[in-house]
């Protein structure tokens with residue numbers, strides 16, 4: 001709940017002005033390890049994108065488990081504090097994913113990212129673990145509101161603090177894409193959450209995506225595609241995944257986008 | 001609008017460095033002058049599109065070769081602007097935008113992909129897939145008449161595109177052998193203006209479309225009623241405009257009478273027999289997930305998901 005609305009609106013109510021669209025492609029990979037859902041109830045809208053990793057079917061199972069668990073818990077429970085709910089869900093799903101086993105009972109060693117937003121009454125809360133992203137598009141500008149939880153983030157931090165030299169930084173850069181936080185890592189602690197809900201403005205768009213999108217397209221391209229398809233946001237979602245495939249320098253990873261449009 | 005330093009071929013929009021004559025298409029930069037009143041080459045339109053040469057212009061609608069600096073691709077820029085700001089101008093601008101929004105969503109194989117269409121202060125523009133300068137008219141002029149079979153296989157998808165446009169109550173507005181261009185092994189219909197309802201263009205276009213599609217399908221084209229002003233009741237009552245005759249010769253290597261005979265004898269394909277590509281369907285929630293949600297007693301207003 002937005003602080004400014006807290007006293008005037010005692011209960012949460014559904015905002016009828018939010019519309020949502022999704023598109024997902026396998027890319028050039030053999031398996032689809034992305035999962036997503038966007039569910040709308042009188043309580044609000046929950047949107048989630050998960051990008052699984054590990055083994056033949058491990059990533060697929062991990063991301064599907066995360067999405068299903070979050071959606072089921074969302075619709076079956078009464079949520080008093082959404083931020084607490086999202087944080088607890090991340091911890092609970094992390095534990096569940098670590099326990100995933102194959103047919104013979106051996107641990108799958110799977111993991112998944114999680115990028116989720118919850119929107120109610122024009123206010124947005126969010127959580128992110130891993131390198132899936134959440135963007136806010138407002139007044140023809142695009143801003144990512146979460147970090148990529150990968151080794152590069154750690155290297156940047158260490159370099160900025162003077163803990164490593166530029167030479168050491170470059171020596172480690174080949175491992176920069178490795179995730180340092182994801183669901184399934186066990187005792188997950190590094191998460192990006194909002195400190196206060198974001199008050200949305202009419203015309204705002206929220207974009208959730210797996211890394212397949214932003215590793216193929218620049219933020220300027222993403223913004224251009226969404227702006228170009230202002231007349232049909234489902235087409236915008238489809239064009240984003242199509243363009244990710246078309247502009248990919250090498251093979252294209254699984255790519256999933258959800259667009260939430262506050263109209 | 002401002003000038004950009006980067007040098008592109010004004011015709012094919014490939015980057016050509018310091019060259020004056022394009023190594024890709026042979027176009028000579030220094031030999032080109034933009035027609036009066038139209039955008040000069042190297043103009044940066046809407047802070048995004050590097051403008052090349054004019055491809056066609058009729059005073060109201062102009063097409064340019066251009067380069068999209070953000071998406072890093074060649075495009076065709078179709079600009080509407082008649083220099084007026086009266087009611088009629090805004091009405092036509094609205095029709096132009098409506099036409100291109102519909103065309104964008106139709107995603108037809110024989111129509112250039114429409115990337116976007118937007119209004120600007122004194123007009124509107126559409127950004128479409130770049131298609132080569134090679135028009136059907138030029139190709140025929142260069143190679144002589146093509147066989148009926150070749151013409152049939154090339155033109156049928158174009159005609160189906162027209163049919164699909166008509167089904168959506170759109171009339172191309174500028175159909176001609178110049179507007180049909182080559183894209184690899186196929187032909188595409190370019191330069192739609194969305195101006196079919198305009199007084200100056202309506203008659204010839206309507207008759208042309210009625211004849212062209214009418215002969216192919218053996219029935220009159222479903223032109224929207226509001227465009228029909230004469231006493232046309234069947235294609236037999238239509239006269240044959242010059243550009244339609246040219247297109248028949250181009251399409252069939254024969255006159256209208258011979259073409260009709262070809263239609264009867266060779267049993268041309270109906271549009272429904274030709275592959276048109278598959279439009280992507282919006283994501284829909286699997287029934288199982290909906291069932292789950294509903295069974296929990298929670299009112300789910302909407303759901304899209306990958307879960308099965």
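The values are calculated or read from the model by the stated rules, or taken from the named source; none is laboratory data. Bear in mind that the values here come from a model prediction, so they are computed numbers and not experimental data. Backbone-built Cβ (ideal geometry, glycine too); neighbour counts: all protein chains shown.
A few points about this structure:
- Here region A:52-91 is the region considered, the condition is being in contact with a helix residue (DSSP H, G or I) (Cβ under 7 Å, 6 or more places away or on another chain) and part of a helix (DSSP H, G or I), and the residue that is farthest from residue A:33 (Cα to Cα) is A:75.
- Qualifying residue in region A:108-118 (condition: farther than 19 Å from residue A:67 by Cα and in contact with a strand residue (DSSP E or B) (Cβ under 6 Å, 6 or more places away or on another chain)): no
- Residue match in region B:49-70 (condition: at pLDDT 95 or above, in a loop (DSSP other than H, G, I, E, B) and assigned by TED's automatic domain parsing to the domain that holds residue B:97): yes
- Residue in region B:13-29 that is modelled with pLDDT of 90 or more and under 21 Å from the mean Cα position of the chain (by Cα) present: yes
- When region A:25-43 is limited to residues that are surrounded by fewer than 23 Cβ atoms within 10 Å (Cβ to Cβ) and touching a strand residue (DSSP E or B) at 6+ places or on another chain (Cβ under 6 Å), the one that is farthest from residue A:234 (Cα to Cα) turns out to be A:27.
- For region B:131-150, the count of residues that are at pLDDT 85 or above, within 24 Å of residue B:14 (Cβ to Cβ) and in contact with a strand residue (DSSP E or B) (Cβ under 9 Å, 6 or more places away or on another chain) is nonzero.
- Residue B:25 passes every criterion in (1) assigned to a loop (DSSP other than H, G, I, E, B); (2) touching a residue at least 40 places away in the same chain (Cβ under 8 Å); (3) within 16 Å of residue B:118 (Cβ to Cβ) apart from (3).
- Summed over region A:71-96, residues that are modelled with pLDDT of 95 or more and either within 14 Å of chain B (Cβ to nearest Cβ) or surrounded by 24 or more Cβ atoms within 10 Å (Cβ to Cβ) (or both) total 3.
- Answer residue from region B:89-137, given it is in a loop (DSSP other than H, G, I, E, B) and free of Cβ contacts under 8 Å to residues at least 60 places away in the same chain and is farthest from residue A:232 (Cα to Cα) among those: B:134
- Only one of the numbered conditions (1) surrounded by 15 or more Cβ atoms within 10 Å (Cβ to Cβ); (2) at positive phi is violated by residue A:162, and that is (1).
- Test result for residue A:43, at pLDDT below 90 and more than 13 Å from every other protein chain (Cβ to nearest Cβ): no
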